[in-house]
Amino acid sequence: MPDRKLVIVEDDEAFARTLKRSFERRGYAVLTADSPEALDTLLAEHRPGFAVVDLKLGQASGLACVKTLHAHDPAMLIVVLTGYASIATAVEAIKLGASHYLAKPSNTDDIEAAFRKTRGDIDAPISDRQTSIKTLEWERIHEVLAETGFNISETARRLGMHRRTLARKLEKQQVK
C-alpha cells in the first residue's frame, strides 16, 4: 500500500482513539475528524489515501462524508463502519464511493482486509436463508433513515410511527 495516510471519521471519541492507535502501530499516519465539518477542514490541508467512516455521526450522516472523500480523491479506499447495517445504506455507500461496508463490531484486521478487497468476488456464497419480517422492517427503517439524512423525526413521520417507537427499535440489536 503506497501512501499510508488514513483519516478516521468517527464521533465516538474512545473508539476513534483506539482505532487511531491500532492503525498507527501498523505504520499509518492517522488523522481524525468527528463531523462532516471537521472533515472538510482536515481535507483542506491533507490528502489521505485511506478512510474509515462511521455511518452515523451524531445527527449527521457519514454518507455525506463518503461523498466528500470520494470527490476529494476518487482513488481513495473508503470503508464505512456501522452499527446500523442495512442493504439500503450499504448500496448508497458504495454508490457514493465507498470501497467496502462493514458492520460493527469490526477491528483493524477487518478494516485492513477491506482495504485490500477492492474488487467484487463472484464466488461469494449466496445464502438460501429466507429474509424475516423483522429483517425487512429493519432494512426499510434504515432505507428511510438514509433518505432523510438520519433525521429521526422525519423518518418516523414517513414510516407512520411515533418517534419514540422508532428510537426504541433503533436501540435494539437487529434480529436475523
Looking only at the range 59-75, decide whether some residue is within 17 Å of A146 (Cβ to Cβ) and without any contact (Cβ under 8 Å) to a residue 24 or more places away in the chain. no
Can you tell me which residue within the range 15-39, out of those that are among the aliphatic types (A, V, I, L, M) and in a helix (DSSP H, G or I), is surrounded by the fewest Cβ atoms within 10 Å (Cβ to Cβ)? A38
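Among the residues of the range 40-64, write down those that are among the aliphatic types (A, V, I, L, M), part of a strand (DSSP E or B) and more than 9 Å from the chain's Cα centre (by Cα). I'd like the intermediate steps shown before the answer.
As a first pass, look at the range 40-64 and keep what is among the aliphatic types (A, V, I, L, M): 42-44, 51-53, 55, 57, 60, 63-64.
Remaining after also requiring part of a strand (DSSP E or B): 51-53, 57, 60.
Answer for the range 40-64, where residues must be among the aliphatic types (A, V, I, L, M), part of a strand (DSSP E or B) and more than 9 Å from the chain's Cα centre (by Cα): A51, L57, A60.
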Which members of the range 73-100 meet the condition of being buried (at least 21 other Cβ atoms within 10 Å of the Cβ) and within 21 Å of I141 (Cα to Cα)? V80, L81, S86, T89, A90, E92, A93
Report every pair of residues separated by at least 6 positions or lying on different chains whose Cβ atoms are under 6 Å apart, first residue within the range 29-57 and without any contact (Cβ under 8 Å) to a residue 40 or more places away in the chain and of a type in the set (K, R), second surrounded by 14 or more Cβ atoms within 10 Å (Cβ to Cβ) and part of a strand (DSSP E or B). none
Considering only the range 65-117, state which residues are at pLDDT 90 or above, in a loop (DSSP other than H, G, I, E, B) and not small (G, A, S). D73, P74, M76, L96
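Given the criteria under 27 Å from I152 (Cβ atoms), of a type in the set (V, I, T) and modelled with pLDDT under 95, does I8 qualify? Talk me through it step by step, then tell me what you get.
Numbers: under 27 Å from I152 (Cβ atoms): yes; of a type in the set (V, I, T): yes; modelled with pLDDT under 95: no.
Judged against the criteria, I8 is not a match.
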Condition test on A88, is it in the same structural domain as L42 (by TED's automatic domain parsing) and more than 19 Å from V7 (Cβ to Cβ)? yes
Any residue that is in contact with a Ser or Thr (Cβ under 9 Å, 6 or more places away or on another chain), crowded, with 18+ Cβ neighbours inside 10 Å, not in a strand (DSSP E or B) and not charged (D, E, K, R) - is there at least one of those in the range 7-14? no
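The values are calculated or read from the model by the stated rules, or taken from the named source; none is laboratory data. From a predicted model like this one, the values you see are computed outputs, not experimental measurements. Virtual Cβ from ideal backbone geometry, glycine too; neighbours counted across all protein chains shown.
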